[in-house]
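One structure is given here, and the rest of the page talks about it.
Derivation of every value follows stated rules applied to the coordinates shown; laboratory data play no part. Here the structure is a predicted model, which means the values were calculated and not measured. Note that each Cβ is placed from the backbone with ideal geometry, even for glycine, and that neighbours are counted across all protein chains shown.
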Amino acid sequence: MTRRGWLLLLMAAALAARLAFSWKFPQSLPDGSIQDFDLYHRLALTLVEKGSLLDAQGLKTAMREPAYSFVLAGLYLLTGAKYWALCLLHALMGALTVLLVFQLGLRVFGATTAWLAALMCAFHPQLLYYAAMPRRETFQALLLAWSAWLLFEACDSPTPKRVLLAAVVWALNPLANSVFLPAGLAAGLAFYFMGRRKGHEMLKPAALFTAVFLGVYALWPARNALVFDRFIPGITGGGNHIYIGIVVPNEIAGTPEEQAIVSTDPVVVEAGKQPEDQKDATFYRGALAWILAHPAQFAGKMWASLLKLWRLYPYPRDYGMNYRLIKWVSLLSDGWIIPLGLLGLVLAGRRIPETDLFNLVLASVTLVYMVFWAVVRYRIPLMPFVFLYAGYALQRLQEKVSARAT
């Protein structure tokens with residue numbers, strides 16, 4: 001069988017694995033309808049029915065970035081709000097992500113790494129799990145891999161057309177999750193360095209990329225300024241994320257103990273009486289005051305957030321599934337993929353121009369999540385890059401074993 005045939009087979013297997021998981025472990029409501037985990041389902045419905053992003057009270061909201069809600073709205077226009085359609089869409093996205101990871105690996109590291117990384121992407125347990133949910137992680141993983149591919153294409157030949165396309169697609173990343181706004185700026189910096197290392201004059205292409213990226217993303221804060229009459233660069237839940245991350249220890253986040261803390265916290269109580277945009281400002285003021293009063297403690301919390309984001313298995317929680325099973329599945333997947341990814345990053349160093357992009361994006365997103373509250377699933381969009389580095393580490397180890405054997 002040809003390389004193309006094997007790749008199509010792997011993509012089909014990835015598609016089937018996601019559909020099988022969604023069928024065996026559906027994350028729908030008892031009547032088979034879509035469960036609204038993070039408001040995206042509601043927002044998509046309001047887009048279809050009212051043409052706007054509205055909260056439960058029918059008021060315009062900026063609680064979630066718009067891109068994934070628009071994707072769901074497009075799906076609902078075609079099929080209606082059907083759980084099976086959501087699962088099929090996510091399964092297709094997962095299969096396309098496998099293709100992109102393979103192509104990225106082939107381009108940057110070679111065929112061995114490409115196959116290893118694509119295999120990891122095809123059957124990674126968390127990617128299967130979130131393919132069954134109306135959450136943005138599946139979409140984000142596809143989007144980031146596609147963005148990387150387009151930027152590499154633009155780096156090969158930095159024509160205005162390629163640069164414009166790459167910039168527009170990159171802008172969709174923060175429009176899906178505003179945490180990726182610094183990553184887009186980092187991508188522009190990586191674009192400049194990668195092109196210079198390939199012998200191109202990159203000042204104008206990199207400036208064009210950054211200008212278009214920011215211009216497209218600016219549509220969202222401009223909309224928010226019109227709605228709320230104030231500058232909101234991301235979402236109106238950003239202040240909540242940073243403040244709750246400060247006052248609630250990582251080990252009890254998402255448990256009843258968290259509610260016991262926040263229910264009596266004066267900043268939370270004050271914010272609870274305010275409208276959406278004012279509430280966010282209250283949380284930011286509370287977070288800034290705490291940080292200025294406790295800088296050393298905040299540095300410790302940032303370190304703890306780093307460890308939490310990249311820990312090898314989730315904290316004990318009620319996940320709707322057996323926790324021991326989740327723990328062991330995580331250890332048998334991320335337990336070796338993430339350490340190998342770190343090893344691959346070290347082994348690659350700066351010898352390969354394209355790794356500038358991987359490193360700057362990984363660093364920028366991780367740094368943002370060190371400041372804001374995060375959970376393990378927030379790293380899922382970054383996993384294609386981790387798969388590539390892990391595959392590269394395995395390739396290098398295999399080469400060393402083969403060299404010793406001869």
Assertion target for His41, His90, His200, ordered by fewest C-beta neighbours within 10 angstrom first, is His200, His41, His90
Report, in degrees rounded to the nearest 10, the 0 to 90 angle that the Cα long axis of helix 67-79 makes with the longest principal axis of the chain. 90 degrees
Going by C-beta contacts inside 10 Å, put His294, His124 in order with the fewest on the left. His294, His124
State whether the range 7-48 is rounded, prolate or oblate according to the following rule on the C-alpha gyration tensor (a ≥ b ≥ c being the square roots of its eigenvalues): a/c under 1.5 gives rounded; otherwise a/b larger than b/c gives prolate, and the remaining case gives oblate. oblate
Roughly how tilted is helix 111-123, in degrees to the nearest 10 and between 0 and 90, from the longest Cα axis of the chain? 30 degrees
Estimated [θ] at 222 nm from DSSP helical runs (n ≥ 4, -39500 (n - 2.57)) normalised by residues in the chain, nearest 500: -23000 deg cm²/dmol
Determine ³J(HN,Hα), in whole Hz, for all residues of the range 136-145 in sequence, where each value follows from phi through the Karplus function 6.51 cos²θ - 1.76 cosθ + 1.60 and θ = phi - 60°; x replaces Gly and Pro. 7, 4, 4, 4, 5, 4, 4, 4, 5, 5
Shape call, the range 237-358: gyration tensor on alpha carbons, a/c limit 1.5: oblate
Dipole of the chain (Lys/Arg Cβ +1, Asp/Glu Cβ -1, origin at the Cα centre): which of Leu288, Leu15, Leu104 lies farthest to the positive side? Leu104
Estimated vicinal HN-Hα couplings, Hz - the range 31-44 in sequence order (Karplus 6.51, -1.76, 1.60; Gly, Pro = x): 8, x, 7, 6, 7, 8, 6, 10, 6, 5, 4, 4, 5, 5
Just rank Lys400, Lys327, fewest to most, by other beta-carbon atoms within 10 angstrom. Lys400, Lys327
Per-residue HN-Hα couplings for the range 185-190, Karplus 6.51 cos²θ - 1.76 cosθ + 1.60 at θ = phi - 60°, whole Hz, x for Gly and Pro? 5, 5, 5, x, 5, 4
Between the alpha carbon centres of the range 58-94 and the range 243-308 the gap in Å comes to 30 Å
Using a Förster distance of 60 angstrom, determine the FRET efficiency expected from the C-beta separation of Gln398 and Lys273, and round it to 0.05. 0.50
For the chain, the longest principal axis of the Cα atoms and the Cα long axis of helix 83-108 enclose an angle in degrees, to the nearest 10, of 40 degrees
What Kirkwood Rh does the chain have if only Cα atoms enter the pairwise 1/r average? Answer in Å. 22.4 Å
What size of dipole, in debye to the nearest 20, comes out for the range 3-405 about its Cα centre when the only charges are +1 on Lys and Arg C-beta atoms and -1 on Asp and Glu C-beta atoms? 1180 debye
Any of Lys50/Lys279; Lys24/Lys301; Lys24/Lys308; Lys60/Lys161; Lys60/Lys82 with alpha carbons more than 27 Å apart? Name them for me. Lys24/Lys301; Lys24/Lys308; Lys60/Lys161
Where does the range 211-282 land on the Kirkwood hydrodynamic radius, alpha-carbon pairs, in angstrom? 13.8 Å
